[in-house]
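Student: Dropping the structure in here first, questions after.
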């Protein structure tokens, strides 16, 4: 090896060592991606390591149109500064830990950011991070085309609707739905169903997306519900959606059949309003013609209304239509209208009846109706006959009044007819049994009431008389009198007498004192209670007396009763032994003997 070779070796080694020292001497670490919602603050961290201490400068760059542009820098131990003339100026800062902070983030901030570290002899290194900015778009709006209705059978696709969503970032996506089922996204205009999308990037950097749906609809789509959904991204790999309101399309299609229907649900009767509807299964509805028994009826639209129908309105009604898009279709319908009726009630005799008390009356009632019917005679709510004949034997006053003959068709609710007749019963008056009147004491005022049947109306006479008034209650007259309950009234009562041209009737209404039932009962209870007390006292006294007599007899029998004169003297002188001494005085020796069942002592 020559000297030149030996001289070059240390130089090569030095260069190799320098290259090795620069390579990997500084290592920069950043987050691969930072996500933020528009308007919020974004923080981009940057950390680094190096093989040997050195003065360090950290710089943040953005890349625009293929070139880097610095936005902020800071030296180790120094103060962070931002660069002028960038779209981040005034919103960006670099912290002591070299984290880049961006406030009020905008869609235009979505760039690649580079953190570059310069460490003197240790070298230079950088790393990149992507800032992603998100913003939820507005609810999509769905609109129909301004043109006329869509016709079935067209050879080209028609515009169904347009869906627009505004102010989203990143660019959202529109999905179409028909009857809650997503439609495949097709952009080929040769297909029957396709969409034409458009994207507008606003000055704010947000996106407005529009999509127009085209179809060749069929008749089955007349009731279809259309809707669009915007699908968009949010931080954290979230996929969200917002739905538009729904809409249907105005679809024209030819008629294939007609329907003629009666809208009334109950059987039709005279006086009802009848509505018949004619319609086809096409759109729009054609013009309709109506006929009754072959005669044309002038009607506008598809509704035929008959007000307050009569039996003469019954018959065969026909509806016809013609659709020029389907001339071969038979568009007609028929309704056989039946109008139920019931004739007025025919009553014989029809005039009011006046019958004498005890006589007989008879009516006949009948009618005709469109269906099976019933005939009833009623007085009030009471049904008296079910066969159209009403016979009343041995007429009494309570039979007077109004009688109703009612005809009805049970199969047709509300279809009835009725007639009425009045019965007047003539005869002598008859007084109802009057009620007894009571007063607290003689001289009080008393009111008496006397009710009487009779026609003509009877005249009332009160004996004795008082303040009188007359009223009508049903088919009877009621007279009321108020007078003083004198001794004569208390003794003989008050007489009510009624009379008309056919005779008279009278009743006596007694007037008595009110019985103090409660007070009498209380006094009887008290008397009974007092008598019971006396009886109990007498029984107790008798028992005590018998007990005393038995005690005296017992003591005498034992010779412990000092009844002799000697005994009396001892008692009087105060010389008394320990025995019990009982002294009894009486002037009747036979009474003492009777009480003690002993004869008197010889000393007495």
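The values are calculated or read from the model by the stated rules, or taken from the named source; none is laboratory data. The structure displayed is predicted, hence computed values, not measured ones. As a convention, Cβ positions derive from the backbone with ideal geometry for all residues, glycine included, and neighbour counts pool all protein chains shown.
Student: Does residue 479 qualify as being in contact with a helix residue (DSSP H, G or I) (Cβ under 8 Å, 6 or more places away or on another chain), assigned by TED's automatic domain parsing to the domain that holds residue 441 and at pLDDT 90 or above?
Tutor: no
Student: Residue 156: in contact (Cβ under 8 Å) with a residue 40 or more places away in the chain, in the same structural domain as residue 106 (by TED's automatic domain parsing) and more than 15 Å from residue 242 (Cα to Cα), yes or no?
Tutor: So residue 156 does not fit the description; no.
Student: When you scan the range 310-329, do you find a residue that is assigned to a loop (DSSP other than H, G, I, E, B), on the phi > 0 side of the Ramachandran plot and over 45 Å from the mean Cα position of the chain (by Cα), even just one?
Tutor: No: zero hits.
Student: Next question, about the same structure. Of the residues in the range 286-298, how many are in contact with a strand residue (DSSP E or B) (Cβ under 6 Å, 6 or more places away or on another chain) and not in a strand (DSSP E or B)?
Tutor: 2
Student: Can you list residue pairs whose Cβ atoms sit under 8 Å apart, with the first residue in the range 443-463 being at positive phi and outside any strand (DSSP E or B) and the second being crowded, with 20+ Cβ neighbours inside 10 Å and at pLDDT below 95? Count only pairs 6 or more apart in sequence or on different chains.
Tutor: If the second residue must be crowded, with 20+ Cβ neighbours inside 10 Å and at pLDDT below 95, the pairs left are 443/485.
Student: Have a look at 102, 94 and point out the one that is assigned by TED's automatic domain parsing to the domain that holds residue 32, in contact (Cβ under 8 Å) with a residue 24 or more places away in the chain, crowded, with 19+ Cβ neighbours inside 10 Å and touching a helix residue (DSSP H, G or I) at 6+ places or on another chain (Cβ under 7 Å).
Tutor: Exactly one residue qualifies, and that residue is 102.
Student: To continue, here is another question. Within the range 349-369, can you find the residues that are free of Cβ contacts under 8 Å to residues at least 40 places away in the same chain and either closer than 12 Å to residue 408 by Cβ or outside any strand (DSSP E or B) (or both)?
Tutor: Of everything in the range 349-369, those that are free of Cβ contacts under 8 Å to residues at least 40 places away in the same chain and either closer than 12 Å to residue 408 by Cβ or outside any strand (DSSP E or B) (or both) turn out to be 359, 360, 368.
Student: Can you name every residue in the range 489-500 that is surrounded by 11 or more Cβ atoms within 10 Å (Cβ to Cβ) and either at pLDDT below 90 or not in a strand (DSSP E or B) (or both)?
Tutor: 489, 490, 492, 493
Student: Going through 471, 465, 420 one at a time, which residue ends up being in the same structural domain as residue 370 (by TED's automatic domain parsing) and surrounded by fewer than 17 Cβ atoms within 10 Å (Cβ to Cβ)?
Tutor: Answer to the check: 420.
Student: Under 57 Å from the mean Cα position of the chain (by Cα) and over 19 Å from residue 383 (Cα atoms) - does that describe any residue in the range 458-470?
Tutor: The answer is yes, given that some residue of the range 458-470 is under 57 Å from the mean Cα position of the chain (by Cα) and over 19 Å from residue 383 (Cα atoms).
Student: Further question: Given 380, 443, 401, 407, which one is outside the structural domain of residue 272 (by TED's automatic domain parsing) and over 56 Å from the mean Cα position of the chain (by Cα)?
Tutor: Only one candidate passes the filter, namely 443.
Student: Turning to a different aspect of this structure: Output yes when any residue across the range 368-375 is closer than 30 Å to residue 428 by Cβ, assigned by TED's automatic domain parsing to the domain that holds residue 410 and in contact with a helix residue (DSSP H, G or I) (Cβ under 9 Å, 6 or more places away or on another chain), and no when none is.
Tutor: So far as the range 368-375 goes, no, none of its residues is closer than 30 Å to residue 428 by Cβ, assigned by TED's automatic domain parsing to the domain that holds residue 410 and in contact with a helix residue (DSSP H, G or I) (Cβ under 9 Å, 6 or more places away or on another chain).
Student: Residue 414 - would you say it is touching a residue at least 12 places away in the same chain (Cβ under 8 Å), exposed (fewer than 15 other Cβ atoms within 10 Å of the Cβ), assigned by TED's automatic domain parsing to the domain that holds residue 370 and not in a strand (DSSP E or B)?
Tutor: It is true that residue 414 is touching a residue at least 12 places away in the same chain (Cβ under 8 Å), exposed (fewer than 15 other Cβ atoms within 10 Å of the Cβ), assigned by TED's automatic domain parsing to the domain that holds residue 370 and not in a strand (DSSP E or B).
Student: Mind counting the residues in the range 339-348 that are in a loop (DSSP other than H, G, I, E, B) and either crowded, with 16+ Cβ neighbours inside 10 Å or at pLDDT below 95 (or both)?
Tutor: Going through the range 339-348 one residue at a time, the tally reaches 3.
Student: Look through the range 109-126, keep the residues that are in contact with a helix residue (DSSP H, G or I) (Cβ under 9 Å, 6 or more places away or on another chain) and over 23 Å from residue 86 (Cβ atoms), and return whichever of them is surrounded by the most Cβ atoms within 10 Å (Cβ to Cβ).
Tutor: Among residues in the range 109-126 that are in contact with a helix residue (DSSP H, G or I) (Cβ under 9 Å, 6 or more places away or on another chain) and over 23 Å from residue 86 (Cβ atoms), the one surrounded by the most Cβ atoms within 10 Å (Cβ to Cβ) is 122.
Student: For the range 299-309, does any single residue satisfy the condition of being out of contact with any strand residue (DSSP E or B) (no Cβ under 6 Å at 6 or more places or on another chain), loosely packed, with under 14 Cβ neighbours inside 10 Å, without any contact (Cβ under 8 Å) to a residue 24 or more places away in the chain and on the phi < 0 side of the Ramachandran plot?
Tutor: Yes, because at least one residue in the range 299-309 is out of contact with any strand residue (DSSP E or B) (no Cβ under 6 Å at 6 or more places or on another chain), loosely packed, with under 14 Cβ neighbours inside 10 Å, without any contact (Cβ under 8 Å) to a residue 24 or more places away in the chain and on the phi < 0 side of the Ramachandran plot.
Student: How about the range 113-195: which strands (runs of 3 or more DSSP E) wholly inside it have at least 3 residues that are closer than 30 Å to residue 249 by Cβ?
Tutor: Result: 141-143, 158-168, 173-178.
Student: Identify, please: which residue in the range 163-215 is more than 20 Å from residue 246 (Cβ to Cβ), free of Cβ contacts under 8 Å to residues at least 12 places away in the same chain and in contact with a strand residue (DSSP E or B) (Cβ under 8 Å, 6 or more places away or on another chain) and is, among those, surrounded by the fewest Cβ atoms within 10 Å (Cβ to Cβ)?
Tutor: Once the filter is applied, the top-ranked residue is 188.
Student: Residue check: is residue 504 in a loop (DSSP other than H, G, I, E, B) and under 29 Å from residue 361 (Cβ atoms)?
Tutor: No; evaluated as a whole, the condition is false for this residue.
Student: Does residue 326 meet the test of being more than 18 Å from residue 402 (Cβ to Cβ), surrounded by fewer than 18 Cβ atoms within 10 Å (Cβ to Cβ) and touching a residue at least 24 places away in the same chain (Cβ under 8 Å)?
Tutor: Spelling it out, residue 326 is indeed more than 18 Å from residue 402 (Cβ to Cβ), surrounded by fewer than 18 Cβ atoms within 10 Å (Cβ to Cβ) and touching a residue at least 24 places away in the same chain (Cβ under 8 Å).
Student: Evaluate the range 370-383: report whether one residue or more is touching a residue at least 40 places away in the same chain (Cβ under 8 Å) and in contact with a strand residue (DSSP E or B) (Cβ under 7 Å, 6 or more places away or on another chain).
Tutor: yes
Student: Would you check if residue 429 is out of contact with any helix residue (DSSP H, G or I) (no Cβ under 7 Å at 6 or more places or on another chain) and surrounded by 20 or more Cβ atoms within 10 Å (Cβ to Cβ)?
Tutor: Answer is yes for this residue.
Student: Run residue 78 past the list (1) part of a strand (DSSP E or B); (2) modelled with pLDDT under 95; (3) over 17 Å from residue 131 (Cβ atoms) and report the number of the one that doesn't hold.
Tutor: So the condition that residue 78 fails would be (1).
Student: Then there is this: From the list 231, 270, pick out the single residue that is modelled with pLDDT of 95 or more and within 18 Å of residue 292 (Cα to Cα).
Tutor: Checking each option against the conditions leaves just 270.
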